[in-house]
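The values are calculated or read from the model by the stated rules, or taken from the named source; none is laboratory data. Bear in mind the structure is a predicted one, so any value in this text is a computation, not a measurement. As a convention, Cβ positions derive from the backbone with ideal geometry for all residues, glycine included, and neighbour counts pool all protein chains shown.
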Amino acid sequence: MLLTKSVIVRWECKTKKWYESKGYIFTKWKDKFEINVEDLPLRSHENVDVQCDKCGEILSNFKWYNYAKNVKEDGKYYCKKCANLLYGYISEDYRKTRVSNSISFYDWCYANLSKELADIIMLRWDYRLNIKNGKILSPKDVTYRSGGFNRKGYWFKCLDRPEHESELKSISKFTSGIGNIDCNQCNTIVITHPELVKYLVNKDDALKSYGSNKKVPMKCPDCEFEKPMRINTLVNYGFGCPRCGDGVSYPNKFIFNFLEQIIKLEKIKEFKTEKIFNWLVYEFKHKLRKGKLDCYFEVNSSAYVIEMDGGWHKKDNAISGQTKEESKFIDDEKDRLCKEHDIEVIRIDCGESKLELIKNNIMKSNLPQILNFDEEDIDWLKCHEFACNSLVKIACDLWNNEIKSTVQIAELLRLHSSTIRKYLKQGTELEWCDYNAQKEFKNRIIYAQKVCSKKVICLNTKETFNSLREAQDKYNISGCGVSACCNNRQKTAGKHPITGEQLKWIYYDQYIQLFPEEEVILV
């Protein structure tokens, strides 16, 4: 029964002729006017109130087109439940006739799928719940096009985890290959990504699918900062805490952990992040700019650079104002300069910060051949977990574990010591550590003085110097160069003023241990 008698509409170009054909006189566009509800176009989305002519239920704000297409010839309207009772019942004889004239779901599976897959589908069929009109249905009793219970499908069990409840699955998903036929409960975060449960405020959200785009409350497990996020965003991009975040991108942290694992596999000895060379200078917007490389390593006497190309390399950066053309120009300049210095650049497409995308692009690059590794050699999930963590927290944990030197922490994390100082200051504000910049600066001076006062020996002349400064003054060379030579960071430092040979250096204590019988010359 139609309860609404009239509605207010506007004059619009798409309905003007329709209403004029019903006898309404046009005034002007957007003018409101009242019409008889039955004069609405059949596809109108106007809301009306209707009442079921069987159970009496009143449906408010019901779309006119839904009412118009379902009203019966006698003018009566029935709600969905009553319509199914009156018109939706299929007799047992009719059901049998329909199955016999068609192909059953059972026959279709074994005719179109492998026997192994068909057997699995038959085992998933839940005879306990697939009951209709008091009869237990089997896959042989329904057609391969059957809609199921109220077109919601039939009940299928989970074979991997028997404790999971059976779920309604449409047969068309099995026969068409479109849609998800797996157990939805097996796709929950707690099963697919248990390491991410710590970010969820409500633990019940762990039972949602890892691909869900629903926003739920999340919090940083380190500083407890809360913000709403979509679940699939957490899975694909990590949390990204604005309070304790380190400012390092997901791809760069991903490749960092990847190369850490490569070192453990003894494929390379070391690598450098944010590598800067004096020659890496190019002109950009009428100014000389100094470039920075994401990762640098050497293997088999060849040098390589890995550049993790994020999404801004393919689109304009609304934050910095840099266009995609400018980004490409900078990339091309880096490639050109590296090529001139015999360094091969390997670019990894990281348009989206997703584990699978970055992993696949790494495996498609030249890295597996250069570094001689297989996909199964790398713990990719570990790369993802590290990329989702904050380097600020890691640096603070190292500081708390009695590594009270920003230089040493910088060497462990392969970052510049100034970056580590910034992280520790940030961590001190969050009460994660007790870093004191002034105190640490004094300790660095004391440490530098101790290093500079250590005895060194020139291996070429067997001369012994009481400090780096004495060696620096004698041969007019950099004390840092001598120190680097003693710490095996470079092979030589300075030249002999007479012979011109490259000078090699070693700490006095090390020399005595290696050559206790050798005589030295005291300067």
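Annotations
- Flag if Lys157 is assigned by TED's automatic domain parsing to the domain that holds Ser172, at pLDDT 90 or above, among the charged types (D, E, K, R) and more than 13 Å from Ile171 (Cβ to Cβ): yes
- Residues in the range 414-436 that are in a loop (DSSP other than H, G, I, E, B) and either of a type in the set (Lys, Arg) or out of contact with any strand residue (DSSP E or B) (no Cβ under 9 Å at 6 or more places or on another chain) (or both): Arg414, Leu430, Glu431, Trp432, Cys433, Asp434, Tyr435, Asn436.
- Subset of the range 174-200 [at pLDDT 85 or above and either outside any helix (DSSP H, G or I) or among the hydroxyl-bearing types (Ser, Thr, Tyr) (or both)]: Cys183, Thr188, Tyr199, Leu200
- Considering residues of the range 253-267 that are crowded, with 19+ Cβ neighbours inside 10 Å and under 21 Å from His416 (Cα atoms) only, the residue farthest from the chain's Cα centre (by Cα): Leu259
- Within the range 374-413, the residues that satisfy the criterion of being assigned to a helix (DSSP H, G or I), closer than 20 Å to Asn443 by Cα and of a type outside the set (A, V, I, L, M) are Cys396, Asp397, Trp399, Asn400, Thr406, Gln408, Glu411.
- Among the candidates Asn278, Asn257, the residue that is farther than 30 Å from Gln369 by Cβ and assigned by TED's automatic domain parsing to the domain that holds Glu356 is uniquely Asn278.
- For Ala437, the criteria (1) of a type in the set (A, V, I, L, M); (2) surrounded by 14 or more Cβ atoms within 10 Å (Cβ to Cβ); (3) without any contact (Cβ under 8 Å) to a residue 60 or more places away in the chain hold in every case but one, which is (2).
- Filtered by the rule that a residue be assigned to a helix (DSSP H, G or I), surrounded by 15 or more Cβ atoms within 10 Å (Cβ to Cβ) and more than 53 Å from the chain's Cα centre (by Cα), the range 457-481 gives Glu470, Lys474, Tyr475.
- Matching residues in the range 176-191 - criterion: being touching a helix residue (DSSP H, G or I) at 6+ places or on another chain (Cβ under 6 Å) and more than 16 Å from Lys208 (Cα to Cα): Gly179, Ile181
- One residue from Ser353, Ser327 being surrounded by 14 or more Cβ atoms within 10 Å (Cβ to Cβ), among the hydroxyl-bearing types (Ser, Thr, Tyr) and farther than 25 Å from Ala303 by Cα: Ser353
- Every residue from the range 269-327 that is β-branched (Val, Ile, Thr), touching a strand residue (DSSP E or B) at 6+ places or on another chain (Cβ under 8 Å) and at pLDDT below 90: Thr273, Ile276
- If you go through the range 24-55 and keep only what is more than 27 Å from Lys72 (Cβ to Cβ) and either in a loop (DSSP other than H, G, I, E, B) or touching a helix residue (DSSP H, G or I) at 6+ places or on another chain (Cβ under 6 Å) (or both), you end up with Tyr24, Ile25, Phe26, Thr27, Lys28, Trp29, Lys30, Asp31.
- Condition check for Leu117: over 28 Å from Lys203 (Cβ atoms) and in contact (Cβ under 8 Å) with a residue 24 or more places away in the chain: no
- Looking only at the range 218-233, and only at residues there that are over 14 Å from the mean Cα position of the chain (by Cα) and closer than 23 Å to Glu352 by Cα, the one that is surrounded by the most Cβ atoms within 10 Å (Cβ to Cβ): Met218
- The set of residues in the range 399-412 that are of a type in the set (A, V, I, L, M) and surrounded by 21 or more Cβ atoms within 10 Å (Cβ to Cβ) contains only Ile409.
- Residue in the range 363-396 that is surrounded by the most Cβ atoms within 10 Å (Cβ to Cβ), counting only those that are of a type in the set (D, E, K, R) and in contact (Cβ under 8 Å) with a residue 24 or more places away in the chain: Lys393
- Ala484 vs. criteria in the same structural domain as Ser405 (by TED's automatic domain parsing), of a type in the set (Gly, Ala, Ser) and either under 45 Å from the mean Cα position of the chain (by Cα) or surrounded by fewer than 14 Cβ atoms within 10 Å (Cβ to Cβ) (or both): no
- Test: residue in the range 288-296 that is among the acidic types (Asp, Glu) and buried (at least 18 other Cβ atoms within 10 Å of the Cβ): yes
- Checklist (1) more than 30 Å from Asn236 (Cβ to Cβ); (2) hydroxyl-bearing (Ser, Thr, Tyr); (3) surrounded by 16 or more Cβ atoms within 10 Å (Cβ to Cβ) applied to Ser418, failing item: (3)
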